[in-house]
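Remarks on the structure that follows.
Read the figures in this text as sums done on the coordinates, not as results from a lab. These figures come from a predicted structure and were not determined experimentally. When we count neighbours, we look across all protein chains shown, and the Cβ atoms used for this are built from the backbone with ideal geometry, even at glycine.
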Amino acid sequence: MLTVKPLESKQEQEAACARCAIPYEADDLAYGAYADGEFIGMCQFKVGEVGYIRDLVCAQGTEDFEALFIMGRGTLNFIDLCGVHTCRARAGAAADRVLLAIGFRRQADGDWFADMSQMFTSPCQAGKQSAPADT
């Protein structure tokens with residue numbers, strides 16, 4: 001079973017970064033992903049005027065698109081619940097296909113950007129127009 005949960009201590013976050021071969025960022029928040037209790041990846045991110053995903057990666061020697069997708073969407077949802085409805089991702093934060101799948105779009109300058117203003121409200125209705133009323 002896949003579990004995504006906050007990495008609550010900085011020591012836990014630093015150890016997870018080492019397992020994923022990424023730089024530890026003490027000022028960032030982090031989520032960890034676990035499959036049947038085994039650590040498989042993490043997301044380091046910030047919440048400010050705009051959300052920012054620094055890293056969305058698997059542990060070395062592990063590949064799990066589904067875990068990255070679920071953890072990425074969970075991170076965007078958390079940022080959105082904090083009242084921040086836009087997010088940027090660092091180039092190279094995750095594979096392009098992961099960033100695209102969770103809702104980011106590459107901008108002309110190469111940065112990744114997600115607008116969450118309607119992402120988590122009635123997602124089945126997003127982008128749909130109402131059918132005309134019968135007359």
Projecting the Cα atoms of Y34, V57, Q11 onto the charge dipole of the range 2-115, where Lys and Arg contribute +1 and Asp and Glu -1 at Cβ, the residue farthest towards the positive end is V57
Listed with the fewest Cβ neighbours within 10 Å leading, E12, E49 appear as E49, E12
Between the residues L100, V47, I79, the Cα farthest towards the positive end of the dipole of the chain, that dipole coming from +1 and -1 charges on the beta-carbon of Lys, Arg, Asp and Glu, is from L100
Between the Cα axis of helix 10-20 and the main Cα principal axis of the chain, the angle (0 to 90°, nearest 10) is 90
Between T121 and T3, the two model label points (7 Å from Cα along the beta-carbon direction) sit apart by a distance in nm of 3.4
If every Lys and Arg gets +1 and every Asp and Glu gets -1 at its Cβ, then about the Cα centre the chain yields a dipole, in debye to the nearest 20, of 260
The helix 65-81 Cα axis meets the longest alpha-carbon principal axis of the chain at an angle in degrees, between 0 and 90 and rounded to 10, of 70
With label points set 7 Å from each Cα along the Cα-to-Cβ direction at F65 and E14, the distance between them in nm comes to 3.6
Given 51-62, 108-119, 79-90, the highest-first ranking by average Cβ count within 10 Å works out to 51-62, 79-90, 108-119
With Rh as the Kirkwood radius over Cα pairs, the range 2-115 has Rg/Rh of 0.94
